[in-house]
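J.: The structure under discussion is supplied below as structure tokens; questions concerning it will follow.
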């Protein structure tokens with residue numbers, strides 16, 4: 001089942017269950033995907049690749065994480081909780097996130113491939129690491145691990 005089909009089914013299920021937060025979140029995901037598809041039409045494309053869909057979902061998850069942080073700092077725990085619920089729903093559509101050990105192993109491999117030796121080589125390592133870990137690990141986590149490995 002494609003992501004679009006799954007989202008359509010989930011919208012129907014949420015409507016039947018009267019699950020307001022799930023319904024709004026899944027509709028917002030569908031909206032973002034449709035907007036991106038429409039923007040690609042002038043280029044002769046009418047659908048997104050799986051990678052592009054994952055990138056859009058990852059962006060949505062990142063926005064929710066940032067909102068949770070800002071709401072928490074502002075003392076708006078009610079809004080932070082709502083964003084956390086939306087984040088959990090979005091994460092259901094993302095590929096399984098890798099563990100710290102798996103991320104570390106991939107980063108070690110990238111460092112060996114690029115022959116990076118110092119923090120000056122961080123750009124080379126990050127480019128390749130982000131490419132390999134796209135959608136399966138958060139960018140900030142990758143950056144922090146690369147920085148700590150190249151600093152030592």
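The values are calculated or read from the model by the stated rules, or taken from the named source; none is laboratory data. Since this is a predicted model, take the numbers as computed values, not measurements. Backbone-built Cβ (ideal geometry, glycine too); neighbour counts: all protein chains shown.
J.: Hey, among 35, 81, 55, which residue is outside the structural domain of residue 141 (by TED's automatic domain parsing), within 30 Å of residue 148 (Cβ to Cβ) and either touching a strand residue (DSSP E or B) at 6+ places or on another chain (Cβ under 8 Å) or surrounded by fewer than 16 Cβ atoms within 10 Å (Cβ to Cβ) (or both)? Explain how you work it out, then say what you get.
T.: Details: 35 fails: within 30 Å of residue 148 (Cβ to Cβ); 81 fails: within 30 Å of residue 148 (Cβ to Cβ).
Just a single option satisfies the conditions, and that option is 55.
J.: What number goes with the only condition from (1) without any contact (Cβ under 8 Å) to a residue 12 or more places away in the chain; (2) closer than 19 Å to residue 9 by Cβ; (3) over 12 Å from the mean Cα position of the chain (by Cα) that residue 92 does not pass?
T.: (3)
J.: Among residues belonging to the range 8-23 that are surrounded by fewer than 16 Cβ atoms within 10 Å (Cβ to Cβ) and touching a residue at least 12 places away in the same chain (Cβ under 8 Å), point out the one that is farthest from residue 95 (Cα to Cα).
T.: Restricting attention to the range 8-23, the residues satisfying the condition of being surrounded by fewer than 16 Cβ atoms within 10 Å (Cβ to Cβ) are 8-9, 12-13, 15-21.
Then keep just the ones that are touching a residue at least 12 places away in the same chain (Cβ under 8 Å); that gives 8, 21.
Details: 8: 19, 21: 21 Å.
Checked the range 8-23; the qualifying residue farthest from residue 95 (Cα to Cα) is 21.
J.: If the requirement is being exposed (fewer than 15 other Cβ atoms within 10 Å of the Cβ) and closer than 26 Å to residue 60 by Cβ, which of these qualifies: 99, 118?
T.: 99
J.: If you scan the range 100-136, which residues turn out to be over 18 Å from residue 55 (Cβ atoms), within 21 Å of the chain's Cα centre (by Cα) and modelled with pLDDT under 85?
T.: Matches in the range 100-136: none.
J.: Would you be able to say whether some residue in the range 47-61 is more than 28 Å from residue 2 (Cβ to Cβ) and part of a helix (DSSP H, G or I)? Spell out how you get there, then give the answer.
T.: In the first step, residues of the range 47-61 are kept if they are more than 28 Å from residue 2 (Cβ to Cβ); the result is none.
For the range 47-61, residues more than 28 Å from residue 2 (Cβ to Cβ) and part of a helix (DSSP H, G or I): absent.
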